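Readers should treat all values here as calculations from the given coordinates under stated rules, not as data from a laboratory. Given the structure is predicted, the values throughout are model-derived calculations rather than measurements. Here Cβ is always computed from backbone atoms with ideal geometry, including for glycine, and neighbour counts include all displayed protein chains.
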Amino acid sequence: KNEVEQSPQNLTAQEGEFITINCSYSVGISALHWLQQHPGGGIVSLFMLSSGKKKHGRLIATINIQEKHSSLHITASHPRDSAVYICAVPPYNTDKLIFGTGTRLQVFP
Amino acid sequence: DVKVTQSSRYLVKRTGEKVFLECVQDMDHENMFWYRQDPGLGLRLIYFSYDVKMKEKGDIPEGYSVSREKKERFSLILESASTNQTSMYLCASSSRHNSPLHFGNGTRLTVT
């Protein structure tokens with residue numbers, strides 16, 4: 001079993017739909033990262049959070065440390081949101097990240 | 001804004017060649033990382049450096065070495081390139097302890 005599991009692996013949506021991507025992890029952590037990678041592009045850090053909820057534009061990330069679960073939500077999805085979304089966690093006492101295998105999102109007009 | 005610059009976007013090398021991948025960051029970050037990314041396998045850590053001249057092996061260090069002589073520069077070396085090292089290589093940097101990770105644009109290496 002992977003230490004970081006994401007679901008779904010692939011997701012297609014119509015423009016305007018509400019999107020949820022889930023991440024579960026099995027190690028003890030103090031923070032969790034959500035990353036975005038566009039096709040052929042580099043990786044951008046979207047959020048780093050250790051509790052509660054963070055919002056940036058149409059993106060919302062939540063985390064429940066006790067349940068070892070995080071979600072990334074996209075409201076009013078747009079074709080430019082099409083990308084791979086990656087969850088990553090640094091176990092306690094290390095700066096090295098363990099990555100999920102990513103969720104590939106395609107949003108169609 | 002933090003900038004992480006990788007020296008090449010695309011690289012084609014022959015089997016057995018020595019290959020250098022360079023990464024430079026401009027924000028005085030202590031941590032620097034080299035990852036490779038392969039379809040279905042996600043991001044895997046090759047080497048990690050937490051200070052000048054300090055390094056730690058990651059999950060897949062075999063066939064690779066690294067050099068960090070200056071804080072801003074972290075080099076990945078393929079001593080004798082092989083076809084199974086064909087991959088996307090990504091460099092990243094961060095400050096210490098739970099800080100955001102900043103990635104370069106990646107180098108797509110093909111070994112023929």
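Structure notes:
- Taking all Cα pairs closer than 8 Å and separated by 6 or more residues, the relative contact order of segment A:29-82 comes to 23 percent.
- Each other residue within a Cβ distance under 9 Å of B:Val111 adds +1 if Lys or Arg and -1 if Asp or Glu, for a net charge of +1.
- Residue-averaged beta-carbon neighbours from other chains (10 angstrom radius) around B:38-44: 4
- Computed about its Cα centre, the charge dipole of chain B is approximately 220 debye, with only Lys, Arg, Asp and Glu carrying charge at their Cβ.
- Summing Lys and Arg as +1 and Asp and Glu as -1 over all other residues whose Cβ lies under 13 Å from the Cβ of B:Ser87 gives a net charge of +3.
- Remark: mean inter-chain Cβ contacts per residue of A:89-102 equal 4, using a 10 Å Cβ-Cβ cutoff to other protein chain atoms.
- Rounded if a/c under 1.5, otherwise prolate or oblate - segment B:10-61, Cα gyration tensor axes: prolate
- Relative to the compact-globule estimate of 2.2 N^0.38 Å, the Cα radius of gyration of chain B comes out at 0.99.
- Inter-part distance where segment B:1-48 and segment A:1-64 are each reduced to a Cα centre, Å: 23
- Exposure proxy ranking, count of Cβ atoms within 10 Å, fewest first, for B:Ser49, A:Ser45: A:Ser45, B:Ser49
- Charge dipole of chain A (Cα centre as origin; +1 on each Lys and Arg Cβ, -1 on each Asp and Glu Cβ, all else neutral): 160 debye, rounded to the nearest 20.
- Using alpha carbons only: equivalent-ellipsoid semi-axes of segment A:30-109, gyration tensor based, whole Å: 23, 15, 10
- Sorting the Cα pairs of the protein assembly as shown by distance into bins of 10 Å, from 0 upward, gives 8, 33, 35, 19, 4, 0 percent per bin.
- Each Lys and Arg contributes +1 and each Asp and Glu -1, all at the Cβ; summed about the Cα centre of the protein assembly as shown, the dipole is approximately 180 debye.
- For chain B, lysine pairs separated by 8 or more sequence positions, or belonging to different chains, with Cα-Cα distances below 20 Å total 9.
- Shielding by partners, peptide B:91-104 (average Cβ within 10 angstrom, other chains): 5
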